[in-house]
Amino acid sequence: MKNKLEFAKQIVLEAGDYLRLHLHDDLMISKKTGPTDLVTQMDQQVQKDLVEKITNRYPEDRIFAEEDGLRSPISEGSVWVIDPIDGTNNFVTQKEDFAVMVAYFEDGIGQFGLIYDVMRDHLFYGGGEFPVYRNEVELTPFVDQPLEDFLIASNVGMLEKNDWGMADLGMDSLGIRVYGSAGISFSKILSGGILAYFSYIWPWDYAAAAIMGDQLGYTVLNLNGDKPNYQTVEPIMMVPKVKLTEIQTYLKKGRS
């Protein structure tokens with residue numbers, strides 16, 4: 001498994017190198033499900049490169065990825081979950097705050113995850129049998145403090161409508177941050193910068209974070225408190241396990 005993790009680190013870093021090299025290329029931008037759901041040729045090329053490298057090295061392994069309809073269930077065999085550019089809108093408009101994310105599962109069990117904050121050159125990796133690192137620094141488990149001492153992250157729509165009591169939760173915390181990228185938000189949690197993240201996201205958005213977060217005292221659940229289905233878009237949270245009951249009081253009030 002260590003060799004597989006080292007291989008994953010290599011190909012994710014290579015994807016980041018490619019994106020930095022082509023950061024200012026002319027983009028062919030398409031809309032998928034709506035005006036803010038964008039895809040570029042860079043998303044497609046990065047995914048193509050990652051898939052080719054994985055299947056050439058491990059021809060029996062399967063792929064669950066954001067683009068091109070690759071949807072092998074994570075419960076069946078050896079499966080790589082790929083998000084080639086998480087935060088495509090940020091990539092298009094700001095040229096920062098986007099990530100490459102890869103997770104690896106065997107028969108539904110997460111073995112390791114990787115989130116690469118490309119422009120900061122921060123690679124988060126580990127989980128399963130491995131410690132979690134940011135580059136060469138081993139990350140430490142969550143240390144509890146009062147809610148009012150923490151920042152949280154969410155998406156704008158949930159805050160605007162107070163979906164699931166999200167605005168109420170924000171009012172009782174130190175403040176709210178919106179990064180426009182699940183990967184960047186999760187990386188802030190892993191490194192201790194924010195407490196929790198809430199959004200409507202897909203499995204490729206949360207798979208890597210779920211594997212690494214479990215190692216550091218966090219859990220990834222849907223907002224009903226159930227395990228994600230790893231098939232469809234859902235309202236998802238990543239929160240410290242010791243804060244789950246406290247946070248769920250806000251979620252339940254928001255749904256009542």
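The values are calculated or read from the model by the stated rules, or taken from the named source; none is laboratory data. Note that the coordinates shown come from a computational prediction; the quantities given were computed from them, not determined experimentally. Cβ coordinates were reconstructed from backbone atoms using ideal geometry, including for glycine residues, and neighbour counts include every protein chain displayed. Quick note on the areas: whole protein, heavy atoms, side chains included, nothing else; ligands and nucleic acids left out. Shrake-Rupley method; radii C 1.70, N 1.55, O 1.52, S 1.80 Å.
Picking from residues in the stretch 107-142 that are aliphatic (A, V, I, L, M) and open to solvent by 60 Å² or more (accessible area, probe 1.4 Å), the one that is nearest to Asn229 (Cα to Cα) is Ile109.
If only residues of the stretch 156-173 that are of a type in the set (A, V, I, L, M) and farther than 24 Å from Ala99 by Cβ are counted, the one that is farthest from the chain's Cα centre (by Cα) is Met171. Evaluating Asp168 against the criteria (1) within 30 Å of Gln41 (Cβ to Cβ); (2) of a type outside the set (A, V, I, L, M); (3) part of a helix (DSSP H, G or I) leaves one unmet condition, (1).
For the stretch 217-234: of the residues being hydrophobic (A, V, I, L, M, F, W, C) and within 15 Å of the chain's Cα centre (by Cα), which is modelled with the lowest pLDDT?
Val233
Counting residues in the stretch 54-76 that are of a type in the set (Ser, Thr, Tyr), in contact (Cβ under 8 Å) with a residue 24 or more places away in the chain and either in contact with an Asp or Glu (Cβ under 9 Å, 6 or more places away or on another chain) or in a helix (DSSP H, G or I) (or both) gives one or more.
Regarding the stretch 146-157, can at least one residue be identified that is free of Cβ contacts under 8 Å to residues at least 12 places away in the same chain, in a loop (DSSP other than H, G, I, E, B) and surrounded by fewer than 19 Cβ atoms within 10 Å (Cβ to Cβ)? Yes, there is a match, as at least one residue in the stretch 146-157 is free of Cβ contacts under 8 Å to residues at least 12 places away in the same chain, in a loop (DSSP other than H, G, I, E, B) and surrounded by fewer than 19 Cβ atoms within 10 Å (Cβ to Cβ).
Residue check: Glu66 meets all listed conditions (1) under 22 Å from Val239 (Cα atoms); (2) within 19 Å of the chain's Cα centre (by Cα) but one, namely (1). Taken over the stretch 235-256, residues that are within 14 Å of the chain's Cα centre (by Cα) and surrounded by fewer than 21 Cβ atoms within 10 Å (Cβ to Cβ) amount to 1.
Filter the stretch 218-234 for residues that are farther than 22 Å from Ile82 by Cβ and hydrophobic (A, V, I, L, M, F, W, C); which is surrounded by the fewest Cβ atoms within 10 Å (Cβ to Cβ)? Per the stated criteria, the residue is Leu221.
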